[in-house]
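The structure appears below as structure tokens.
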Amino acid sequence: MTPATAPTSQNTTTAKSDRPPEARAARTGRQTAADLAFLARAMKAPALLDAAERLAERAQAESWTHLEYLVACLQREVSARDSHGGEGRIRQARFPAIKTLEELDLAHLRGLTRQQLAHLGTLDFIAARENAIFLGPPGTGKTHLATGLAIRACQAGHRVAFATACPGTTSCAEVRTGSNAEVPRRVVMSGS
């Protein structure tokens with residue numbers, strides 16, 4: 001270490017300690033807030049940024065440990081992502097109208113009991129990789145039922161692609177009548 005560099009580092013240390021504690025705390029608070037904002041943006045965690053200050057005040061008042069504070073912040077972010085994720089998946093599905101299972105009039109649905117509806121509402125058929133197909137005449141609630149199940153699936157974390165059967169059935173009808181020159185080998189409709 002050269003004699004020229006030693007006094008410089010001592011002077012810097014002395015200069016920092018010469019500032020009043022309020023100035024050091026204010027700068028540290030501003031820097032911490034800026035660092036938190038940057039890191040929350042980098043992690044794409046806006047709820048964490050929104051909750052951090054309020055939770056810090058509560059943590060200080062209630063004498064939380066560092067880990068309790070961290071867990072509370074992360075819980076806020078996870079719950080915000082869960083609620084916003086479902087909303088985003090519902091928007092991406094492009095439903096013709098938002099209809100829930102709770103709004104469904106069971107008297108309107110013929111051949112479906114409350115127990116069957118409750119079982120469908122558990123979404124077990126998705127986990128089992130099975131299909132749910134609703135057949136019947138127009139105006140019997142098939143689209144409402146399908147939309148309600150799809151919205152519940154979105155809220156449960158599944159991605160959904162909504163499409164009516166009309167385009168596929170129109171193609172099949174054209175093939176039968178001979179109005180379409182090309183015969184499709186298969187018609188595939190699937191949810192993502």
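The values are calculated or read from the model by the stated rules, or taken from the named source; none is laboratory data. Note that the structure is a prediction, hence the values are computed from the model and not measured. Every residue, glycine as well, gets a Cβ built from its backbone with ideal geometry; the counts of neighbours run over all protein chains shown. Areas reflect the complete protein model, heavy atoms only, side chains present, ligands, DNA and RNA absent. Shrake-Rupley method; radii C 1.70, N 1.55, O 1.52, S 1.80 Å.
To the nearest 0.05, how large is the calculated FRET efficiency for ALA56 and GLU87 if R₀ is 30 Å and r is the Cβ-Cβ distance? For R0 = 30 Å, the calculated efficiency reads 0.60. Once the 1.4 Å probe is applied to the protein heavy atoms, segment 46-117 comes out at 76 Å² accessible per residue. Compute the relative contact order of segment 97-148 as a whole-number percentage, counting only Cα pairs closer than 8 Å that sit 6 or more residues apart in sequence. Normalised by residue count, the contact order of segment 97-148 is 59 percent.
Using Cα centres only, tell me the gap between segment 31-67 and segment 88-156 in whole Å. Segment 31-67 and segment 88-156 have Cα centres spaced 40 Å from each other. The loop-placed GluC sites (Glu not before Pro) in segment 30-102, going by DSSP, include none that has at most 15 neighbouring Cβ atoms within 10 Å of its Cβ. What a 1.4 Å probe finds exposed on segment 81-134 is 48% carbon and sulfur by accessible area, rounded to a whole percent.
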